[in-house]
Each structure stands twice: as C-alpha cells, then as structure tokens.
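Read the structure below first, then the notes.
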Amino acid sequence: MITSCDLPWVEKYRATTLDEVQDQKVALRVVRGIIANGLPMNVILSGTQGTGKTTVARIIVNEVLGDVVEANVMEVNASDRVRMDFIRNELRSFIQQSSMGGGMKVVIMEEADNIPPDAQNALRRLMESSYRTCRFILTCNYLSNIIDPIRSRCMTIRFKPVSAGGIVYIIDKILKAEGIKSAVNIVTLAKELKKVTDGDMRLVINTLQACDIDNPIESIYDMLGFARPITIDSVLLFIKKGKLDKILGKLNVMNRISHRNFLKQLEERAFQECAGDLLALSKVARVFGDYDERLTLAGNQELQLIGLISRLCVIMGGAEN
Amino acid sequence: MEVIDVPWVEKYRPRTLADIVGHDKSIDRIKNLIADGSMPHMIFEGPAGTGKTSTALAMTNDLFRGKPRRVVNESVKELNASDARGINVVRTTLKDYVKGKKNPQVPFKVLILDEADNMTAPAQQALRRQMEKYSKNCRIALMCNYSNKIIPPIQSRCAVVHFKPLLAEDIKKRVSYIIDKERVRVSDDGIEALAYIAYGDLRKSINTLQAASMFSEGDDYEIVEDDIYAITGMVDRREIQGLIQEVFTGSLGSALDAIEGMLNSGSSGKEIALQVFMEAKMDDNMSVADKITISSLASDAVYRISMGCSEVIQLRAMVAGMHGG
C-alpha cells in the first residue's frame, strides 16, 4: 500500500513553498515582506519546536538567493558548534570570502538560544561589521536566551504552535496521499494530537506515522507517555472523595509516565472541576506551580506526586467531607 | 560591494551632542567636562540602545569641531572589546594606537572602547597601565552595560556617566523624526507601540520601525500597532493589561484561559511574565501592595521556567497568586 516508505513523513511532507506552511498567517506576512525586499535585515525566527522555523528559513534563502544558494549559505546548528573559536575562525572566514555571483551571503544559525553569552557577544559584533555583505537568520525556541544587543539588532518573527485546525489539514492531506483510513474522525484525532504535542507539527507527523491507526487515540497517549484520560478521570474522582489509598494503587501507572505530562493532564481536569469555585481554582493553580518546581528541580517523583495529590484532596475534597 | 543602504540606526545616528534625545543631565555633564576642549578618561554606563556609543561619537565630533574630516577620522578609533578582549590585544593593537603619534592639529586622540565590561580582568589591568602612561597622547572612553564589571582602579581613573533607559517620550520624539524623514506612515497607536516594545532601547525601536516599513502593502499603507507586535515577539500590551485587569476584578477563569491563548500565539513564558512585571512597574495607578505581589510572583515564574518548569503551569500559578494575593 505504501510505496515510497524510505523517507520519513516529516521529510516527505515538508513544505517547500510558503503557501504550504500551516497556520502562521502573521509570520508569513512578514516573511513575504522580507523576501520581496531581498532580506534587508538580520532576522530571528522564534517559536516552539515543530512550528516551521527551519522550513521557512530555507525557503527565504532559496527565494532570495536563487541559483547561488548552495555556495552562499552557511547553515549551522548552534547547539554544539557555535562557540568563540567557531565565530572567530570559521564563521569570520566564510563571511570574508567574496560571494559567488556578487550577491549577499546568508548564515542560518539554528538553535541560536544555545550559544553561550560570550560567544553571542562576539557574534553580535560580526553581525554589525558584516552588515553590508551578509545576513543572519537565527532560529530559537527561547527568545529570552538571546542577548538584548542581538535582539535589538534583528527583526523578530514569532511562530506560534500549530492549531488543531492546522493539524486537521495536514493529517487529512497525509492520510489521503498515503491511502490510509483512520478509525476515528480526523477532527477528534487532531484535537487529541494537539493536546499531547502542544502544536509541534514534527511530533504530530511522526506520531501519526508510528501510531496504531485502528486505535489511534489510546495508542497516541501510550506512545508519548501520557496517562489515558480514563486514568486521570479516576484519579480525580478519588481526589474529590479523599480516597488516597485508592490512588496509591494507581501509582505504578503514574510512575510510568513523565511527571510533566501527568501534571499537565491532571491540572486541566482539576481546573474543569473547580471552574465555579474561584478560591479553590486559585489554590489549585498555585499548588501545581509549587509541585511543578519540586518535580523539575529534584525530588522523588512518587513522593512528590503523592504530596501533590494530598494537597489537592484537602483543597478539592474539603467541601464534601 | 554593497548589498544594502545603511540601516536607519546608522543613518540617523546623532552627529553632535545637541542631537541626542533624553539624558539631559548626563549630556550637560559631558558638555561641562569637555568645555575647555579637553576630556578626562570616561566610562559610559547603561543598558543597550540608550545612546552610549552615539554620545561618545557625537562628543568627539564636538570636541574636534572645525578640524578637517580626515584628521578627525584618524584621531578617533572605535574598538570593540567583545572580539578583542584578551590581554594580547591590549598589549598589541590597543597599545599601538594609544601610544602612536597623534596629528598635531588635535590636542589628543580618542579611543572608544565598546563593551568594555566584556574584557577579562587581566586585560583591564594592562589597560589601566596604558591609561596612565599615555594619557597625554590619548583619552579613552569605555562603554559598558554594567560598570561593576570594570575593575575599581579603572573606575577611579574615569569620569563615570550613567545612561538610563530612555523615556517613552524621548523615543517617540526620535522615532517621529525618522518617520517624517523616511516618509513612512505610522498611526499614533503604532508610534505608542514602538515606544512600548523598546523598554528604553531606542535602537530596537528604530530597527523595528525599519522592519515594519518593509511590509507596507502599497504606498499609502499606514503601519499600525498590530504590525509592530507581529515583528517583535512580544504580546500585545493591551492583552497584558487585560490580563491584569481580569485577575484583579475577579474573573480568574478567563485569565487562566488567556494564558493559554498567549502561549498559543507564540510568546514565550518568560517574556509574558516579564511583560506582566513591566506593566505593573509602569502603571502609576496600581497600589504598591499590588506591585509587590506581582513583582515577587513574576520573579518566581521566570526563575522556575528558567529551571525547566512548565511555562503554562507556572504562568497560571502566577496569575492565581495575583488573584489570591
């Protein structure tokens, strides 16, 4: 049934024109302006994973440079390579060489937020001194990790997490192209995918390719390390009734999944329960904040989760006891 | 070979001290310091984009007014400390300039050392020696973001001038001037937004303006607020104000939902927390107690997110704290 299975779907269905990029209306409007003006400024593409930053960076250089793109573009992943030495040597010499065809050169730096601050300072200088011949496109997840002097010298384009609507479009397109039929409604599937991926399109497509399409929703939750909704429902029910002993029985399930996912799922349901009681809602949100910190920084996951649930029992079960 | 016109930040760099917006007291002080045609060694301290380098260059222009362009150019050197900050550079390139012959038409040369706080401590020690030895020949102006990273012996040899973040009024003044010169059209709320997103960094405002001028669709297009926010990676100020309003008037539920909306529009958690804090800081009508609450909660949120905590959970905890506090 599937013929060209050599390429993973993320590559096979990677957008090659701006029209194919999903859901980034505001960003694309700016990007079109940049292309029309021939990339006149340095650019930061900022946003969470899988929102199309790299795809768009490549489209920009292709459009602006045309035939000479191979020779005049340097693409580096900043996470492991871009340090002081790299900037002073390799990068500087790339910029100083005259460009093929006489046009500008472009440096695409991915994950620029991982460049150490001292190297960012050196980079900033290079960005300024090479302004006449070279442009930089930086991509990052956390804009706040880019130093202010660089941010004030670049224009920033924000990429937003892909919406459920955008996910519907892409999975519909892929499933049709691959001739696969999903066992559940595509809109429902997209909503669930949005929840577990936070709008990370790469993860959406990878998950879609790997999941059991006859039973997609449960398989998605299992694959990405989330508790199944039914588990969360029962935990919440026990919290409301104050039955800590019953919850202890579920601990093996909770230990299998990452605390981050569990907190996220439980918080969402707990908010629904408290929607009418603002005092409880406020308390619940703060308790989650505290335990998120504990679980992230240190702490025995099992013990901290029990601690969290005990607090929730007091807040949410208090009225009924 | 030139690919592009000069960026506006360079094109509209002030030429004389009189052109500089804001910093009235600091500029007066500098004018006094150079009134007799001399200048001490100086440290200009302040955040990015407040005009340190511009002021230094304008100051040398004023100082050497009337001298031929060529003489001024060879008597003023701008050196950046970030890519040349080791002790070797201080002993070679820098020393060569500082002790090298000056043109007889000028009383002394000027060295502008950008980002001096990025110099290593040993390099600064070496510099200190040269400041003394060759001070007749060359005066040094050090630019830095944090003067506490400059070693005390250098600080005590310099006149320190502070640059505060520019006021919104001053930014609007300069931005409006450029808008006029470049014949772009920007709405009033667009100019407000340009001043807001900068937090006192004029370079950021000007760069943003130049960026925004690119996607004018047709010649008559007027750049509005939304265009500015689209290219800065910040949440619309109205949304932040709305969020604070909602929390304080009791609709916590919708505030919690708003957090999700902001994250879904692509802003990062730390930025949002920072904006909430800045809004509280700037709001003259907010009580001090509320400001204290917001500041401490925002600092918790930023710290925790930096440590790897979940953005949405921490921002919601922040909002809930504001509600309960």
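Miscellaneous remarks
- The range B:263-283, subset at pLDDT below 90 and of a type in the set (A, V, I, L, M, F, W, C), residue nearest to A:Arg269 (Cα to Cα): B:Leu263
- Inter-residue pairs, beta-carbon under 8 Å, first over 12 Å from B:Val106 (Cβ atoms) and in the range B:55-72, second part of a helix (DSSP H, G or I) and among the hydrophobic types (A, V, I, L, M, F, W, C), 6+ apart: B:Thr55/B:Leu17; B:Thr55/B:Ile27; B:Thr55/B:Ile30; B:Ala58/B:Leu17; B:Met59/B:Leu17; B:Met59/B:Ile30; B:Asn61/B:Val72; B:Asp62/B:Leu17
- Residues of the range B:109-144 satisfying the condition of being of a type in the set (A, V, I, L, M, F, W, C) and in contact (Cβ under 8 Å) with a residue 60 or more places away in the chain: B:Val110, B:Ala116, B:Met131, B:Ile140, B:Ala141, B:Leu142, B:Met143, B:Cys144
For every residue, the table says whether it meets (1) in contact with a helix residue (DSSP H, G or I) (Cβ under 9 Å, 6 or more places away or on another chain); (2) at pLDDT 90 or above.
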{"position": "B:Ile206", "(1), (2)": "yes, yes"}
{"position": "B:Asp220", "(1), (2)": "no, no"}
{"position": "B:Ile223", "(1), (2)": "yes, no"}
{"position": "B:Asp226", "(1), (2)": "yes, no"}
{"position": "B:Ala230", "(1), (2)": "yes, no"}
{"position": "B:Glu239", "(1), (2)": "yes, yes"}
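- Residue within the range A:123-130 that is hydrophobic (A, V, I, L, M, F, W, C), more than 12 Å from chain B (Cβ to nearest Cβ) and in contact with a strand residue (DSSP E or B) (Cβ under 6 Å, 6 or more places away or on another chain) present: no
- Scanning the range B:292-318 for residues that are surrounded by 18 or more Cβ atoms within 10 Å (Cβ to Cβ), more than 8 Å from chain A (Cβ to nearest Cβ) and under 17 Å from A:Asn141 (Cβ atoms) turns up B:Val302, B:Ile305, B:Glu311, B:Leu315.
- Residues of the range A:122-138 include at least one that is closer than 27 Å to B:Lys270 by Cβ, without any contact (Cβ under 8 Å) to a residue 24 or more places away in the chain and surrounded by 18 or more Cβ atoms within 10 Å (Cβ to Cβ).
Quick grid of which residues meet (1) surrounded by 14 or more Cβ atoms within 10 Å (Cβ to Cβ); (2) touching a residue at least 40 places away in the same chain (Cβ under 8 Å):
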position: A:Val10; (1), (2): yes, yes
position: A:Thr16; (1), (2): no, yes
position: A:Val30; (1), (2): yes, yes
position: A:Gln49; (1), (2): yes, yes
position: A:Gly52; (1), (2): yes, yes
position: A:Ala57; (1), (2): yes, yes
position: A:Glu63; (1), (2): yes, no
position: A:Asn89; (1), (2): no, no
position: A:Ser99; (1), (2): yes, no
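- Close pairs (8 angstrom Cβ cut-off, 6 or more residues apart or separate chains): within 7 Å of another protein chain (Cβ to nearest Cβ) in the range A:263-290, among the acidic types (Asp, Glu) anywhere: A:Leu263/A:Asp292; A:Ala285/A:Glu267; A:Phe288/A:Glu267; A:Gly289/B:Asp300
- In this structure, B:Ala289 qualifies as more than 25 Å from the chain's Cα centre (by Cα), part of a helix (DSSP H, G or I) and more than 13 Å from every other protein chain (Cβ to nearest Cβ).
- Test: residue in the range A:253-261 that is more than 14 Å from chain B (Cβ to nearest Cβ) and hydroxyl-bearing (Ser, Thr, Tyr): no
- Test: residue in the range B:259-269 that is more than 14 Å from chain A (Cβ to nearest Cβ), surrounded by 14 or more Cβ atoms within 10 Å (Cβ to Cβ) and not aromatic (Phe, Trp, Tyr): no
- The lone exception for A:Leu138 - which of (1) part of a helix (DSSP H, G or I); (2) away from every other protein chain (no Cβ under 11 Å) it fails: (1)
- Matching entry among B:Pro122, B:Pro153, B:Pro104 (being in the same structural domain as B:Leu57 (by TED's automatic domain parsing), modelled with pLDDT of 90 or more and surrounded by fewer than 20 Cβ atoms within 10 Å (Cβ to Cβ)): B:Pro153
- Taking helices (runs of 4 or more DSSP H) as the structural unit, those lying wholly within the range A:1-109 and holding at least 2 residues that are in contact with a helix residue (DSSP H, G or I) (Cβ under 8 Å, 6 or more places away or on another chain) and more than 14 Å from chain B (Cβ to nearest Cβ) correspond to A:9-12, A:53-65, A:69-72, A:78-81.
- Entirely in the range B:1-76, the helices (runs of 4 or more DSSP H) that have 1 or more residues that are of a type outside the set (D, E, K, R) and within 14 Å of chain A (Cβ to nearest Cβ): B:8-11, B:52-63
- The residues of the range B:308-325 that are touching a Ser or Thr at 6+ places or on another chain (Cβ under 6 Å) and either more than 23 Å from B:Gly261 (Cβ to Cβ) or outside any helix (DSSP H, G or I) (or both), listed by number, are B:Gly308, B:Cys309, B:Gly325.
- Of all residues in the range B:216-258, those being in contact with a strand residue (DSSP E or B) (Cβ under 7 Å, 6 or more places away or on another chain) and among the aliphatic types (A, V, I, L, M) number 2.
- Selection of helices (runs of 4 or more DSSP H) fully inside the range A:244-321 by the criterion of at least 1 residues being of a type in the set (S, T, N, Q) and touching a Phe, Trp or Tyr at 6+ places or on another chain (Cβ under 7 Å) returns A:259-274, A:301-317.
- Among (1) crowded, with 21+ Cβ neighbours inside 10 Å; (2) farther than 27 Å from A:Arg32 by Cα; (3) touching a residue at least 40 places away in the same chain (Cβ under 8 Å) - the single one A:Leu189 does not satisfy: (3)
The values are calculated or read from the model by the stated rules, or taken from the named source; none is laboratory data. Note that the coordinates shown come from a computational prediction; the quantities given were computed from them, not determined experimentally. Backbone-built Cβ (ideal geometry, glycine too); neighbour counts: all protein chains shown.
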